[in-house]
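A short write-up of the structure that comes next.
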Amino acid sequence: MTRRPLRDEAGYSIVIVLALLVIGVGLGAAALAGVLASRSHANRDSRSRRALQAADAGIQSVLWTQNQLNLPSLDWNAGPAGLSQRLDCVVPAFDMQLKVTGLATASVNSAGVCPTGSGAGAPGNGLTAGFPVGDHAAYKVQYLPGTTAQGSGGVGRTTMNPKIVALGYDDGGDTSNTAGYVARRVEAVLAPIDPLQAVEAQGDLTFNGLLGLAAVLNGNARTNGDFTAPPVFANTDLAGGLIGSVTYGGSISSGVNIAHKVRAAGSVNRPPVSIASSKPNCSMAANCTALGPAYDPVKDTFSLSSGSVTFQPGDYVFCNFNVTGGTVTAAATAAAPVRIFIDSPKSSRCSGNGLGSAQGNLVAKTGINNLLSSLPNATGASGLQLYVVGTQNSSPVYDNGTTAEIDGSFGVIQSFVLYAPTSRVTVTAGCSLVLCTALQGAVIGDSVTINATLFTQDLNLSGYPLYPGLGAFHVQQYVECPVPSPASDLPSPDPTSGC
Amino acid sequence: MSHLRLTGRAVEETGNSVLEVIIAMFLALAVIAALAGAYVRNSDTSLAGQRQSDLLSIAERQIESVRQIVTQNGTFNAVALNAYPSAGMDPALPVNPSDPNDFVLNPGTPSASLLIESNYNHTTDGQISNVPAGGEPLLVNGANGVSGGQLPPLQYFDLVTSRLTASPPPADAFASVYTYVTQASGVTAGVASSCPACAGDLRRVVVAVKLQSSPGHAAFGANAPLYTSTLVSNPIPSNQASGAVGLRLGLNIK
């Protein structure tokens, strides 16, 4: 018996090897593709990061431009509209190159709003040009003043909620191929710019007139919380007839219907005070010496129960300020104010003095006599500036954790600017049975209570330049927005579209 | 029953001759060797890509530290170099310089400046628009009224420990970090009459990062430095005099 002949399998090992070769080449090709893709992604990632740096550069360039405004010459004192020196808003005017060509200033116009910009390059008037930063990256940027009228009938003030929107892009060396751009878009939300009011409360604001019946506020008031006024309350101004505004975030209660009251769309919080640990306790050593035994240099506190003490012009920093009797005088001059800072209990200056949390307060039961208080139109209040840092808690920041209490003596005008945005503030004018001495200046606190029949806003804060320690235009928040299409331009008409 | 015998056209298994086995082995080895080489290359390339990303992260980290230096030191003056960059290695600017200091003109002198290139890896593209032909002036302590600068022109980033050092790590792979600070130009300029002092409130920061190999380790990845740049503005504008008597707000009131 013979078998059927089988196939000739000569050379089959070659077939196996060839199969292995094909498999190997396939694996190699797959690996190569993966690496190439990885390199492509890495390259795109690099370009994307450059674009983000370019966007940041754009924001910085506009911040620099904005902060060139000669702010000391501006009047950020927001007295009732219509007074000749008052400016309710100011917007820089740009040209196409975003050069500031001047200031578009205006008192509130008949429409009750301020111009949102001017010049060929201003937002809303067209897209800005691109500015290169190097290594084929560039940015386009727009500044949005975000002005909002706070008032009605053409009276009131305007706040600014500025934003800067920047588009950074990497053109890959080919500016003609915009489809190949890699871009990032960033929106910088700036701190609201809102001129100082006569009275501001991060929390609730309460006005108590004499015997709880009547009070007059010569200026504007604002509270993020509830506003409570006596049955008879008028907010007016020295020029007569013009009405200030009351802006509130919560509820409003008063026996009389207040004209020009505005429900705020959002809250405006003043930045807390921050004092450098290196700031000396007295700007001149002799000033501390002149305070006498009322000043404790070891604990860095000021305490007075009797006698009299005069503060010479200059800066003073205390861990606690407690006046329960006696007379305190601030010998301010028009060119040299008295500035008193109350540091935080947590500061390096105060945390080791043994007082613990029982400090950080400013209490003046007999008031402080400002020698400039007799100037007309309450223009001397800025001669006495009082600052309270607060507890410096990170959350909540506005915690009423410290106290600022000033109680005036009858017959002595209390004239000062009190800046204590995180503190509970109580200011009381000196009153007799039927009459109260005037209060002047500005009060900024967390929960604020004013006990007075007349409070007049300092109308000459412009004589004392504001914001000398920080640019008025500074960023509070960055938001990264989706990349627009095309990636070479900011969206129009709203460059913040999609943010 | 007779035994089966291979006859005629029965299975011829002589395909497994020695020669064919040798050829098959050779081909298999060749394939394996090629694959091994490819995988090694791919690994190096992948690592090079990772290094590229690392370099950019280092550059970004340096940019962010520059932004933070104002807050840490309480003064914008800190955004300046504390020493001059060294002179570049090349006597003439190459098309693709491997030394970032090649972009420094007049090194070591008060007139030192930095070319702001459209493409630092292709210098024939020239500088960006609106910058001086000789580059932007470098801001270095002790020159032209500059003081308080905190930024070294050259540092070293240890890729193993992720630490920035003043001298090259002796054993680890590292990257050289070059920092340049210039007086920014070519951006929006304000009205001169409103703030002549504000010209110094905007500074350009250019960071170049270059991978260096450690002894015994072959260099891989791009030999050309990686660049990134941005602008930094003074948060406390110069037009607000420190002697102002007005309401005092801001960071670390002094």
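The values are calculated or read from the model by the stated rules, or taken from the named source; none is laboratory data. Computed from a prediction, not measured in an experiment: that's the story for all the values here. Methodologically, a virtual Cβ is constructed for each residue, glycine included, from the backbone with ideal geometry; neighbour enumeration extends over all protein chains shown.
Summed over region A:124-172, the residues that are within 14 Å of chain B (Cβ to nearest Cβ), in a loop (DSSP other than H, G, I, E, B) and at pLDDT 80 or above give a count of 4. Residues in region B:89-107 that are surrounded by 13 or more Cβ atoms within 10 Å (Cβ to Cβ) and part of a loop (DSSP other than H, G, I, E, B): B:93, B:94, B:96, B:97, B:98, B:99, B:106, B:107. Inspection of region B:10-18 finds no residue satisfying the criterion of being surrounded by 13 or more Cβ atoms within 10 Å (Cβ to Cβ), more than 7 Å from chain A (Cβ to nearest Cβ) and at pLDDT 75 or above.
The selection criterion, being more than 9 Å from chain A (Cβ to nearest Cβ), assigned to a helix (DSSP H, G or I) and at pLDDT below 90, does not hold for residue B:58. Counting residues in region A:415-433 that are of a type in the set (S, T, N, Q) and on the phi > 0 side of the Ramachandran plot gives zero.
Scanning region A:362-385 for residues that are buried (at least 22 other Cβ atoms within 10 Å of the Cβ), part of a loop (DSSP other than H, G, I, E, B) and out of contact with any Gly (no Cβ under 8 Å at 6 or more places or on another chain) gives A:368, A:380.
Among what's in region A:293-343 and is of a type in the set (Ser, Thr, Tyr), away from every other protein chain (no Cβ under 14 Å) and not in a strand (DSSP E or B), pick the residue that is farthest from residue A:276 (Cα to Cα).
For region A:293-343, the residue satisfying everything is A:306.
Per this entry, residue B:77 is counted among residues that are away from every other protein chain (no Cβ under 13 Å), over 23 Å from the mean Cα position of the chain (by Cα) and either in a helix (DSSP H, G or I) or touching a residue at least 40 places away in the same chain (Cβ under 8 Å) (or both). Residues satisfying the criterion are present in region B:121-130 (criterion: within 26 Å of residue A:132 (Cα to Cα) and under 16 Å from the mean Cα position of the chain (by Cα)). With respect to (1) part of a strand (DSSP E or B); (2) without any contact (Cβ under 8 Å) to a residue 12 or more places away in the chain; (3) not hydrophobic (A, V, I, L, M, F, W, C), the lone exception for residue A:394 is condition (1).
Residue count for region A:210-223 under the criterion of being surrounded by fewer than 22 Cβ atoms within 10 Å (Cβ to Cβ) and in contact (Cβ under 8 Å) with a residue 40 or more places away in the chain: the result is 3.
A quick yes/no check of all residues on (1) in contact (Cβ under 8 Å) with a residue 60 or more places away in the chain; (2) at the interface with another protein chain (Cβ under 7 Å from one of its Cβ atoms):
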{"site": "A:19", "(1), (2)": "no, no"}
{"site": "A:22", "(1), (2)": "no, no"}
{"site": "A:25", "(1), (2)": "no, no"}
{"site": "A:28", "(1), (2)": "no, yes"}
{"site": "A:32", "(1), (2)": "no, yes"}
{"site": "A:37", "(1), (2)": "no, no"}
{"site": "A:43", "(1), (2)": "no, no"}
{"site": "A:48", "(1), (2)": "yes, no"}
{"site": "A:51", "(1), (2)": "yes, no"}
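Take the conditions at pLDDT 85 or above and assigned to a loop (DSSP other than H, G, I, E, B) and apply them to residue A:203. Does it pass? Judged against the criteria, residue A:203 is a match. The set of residues in region A:397-416 that are β-branched (Val, Ile, Thr) and either at pLDDT below 90 or assigned to a loop (DSSP other than H, G, I, E, B) (or both) comprises A:397, A:412, A:413.
Of all residues in region B:131-158, those that are out of contact with any Gly (no Cβ under 9 Å at 6 or more places or on another chain) and among the charged types (D, E, K, R) total 1. The condition (being surrounded by 14 or more Cβ atoms within 10 Å (Cβ to Cβ) and small (Gly, Ala, Ser)) is satisfied by just one residue among B:111, B:43, B:86: B:86.
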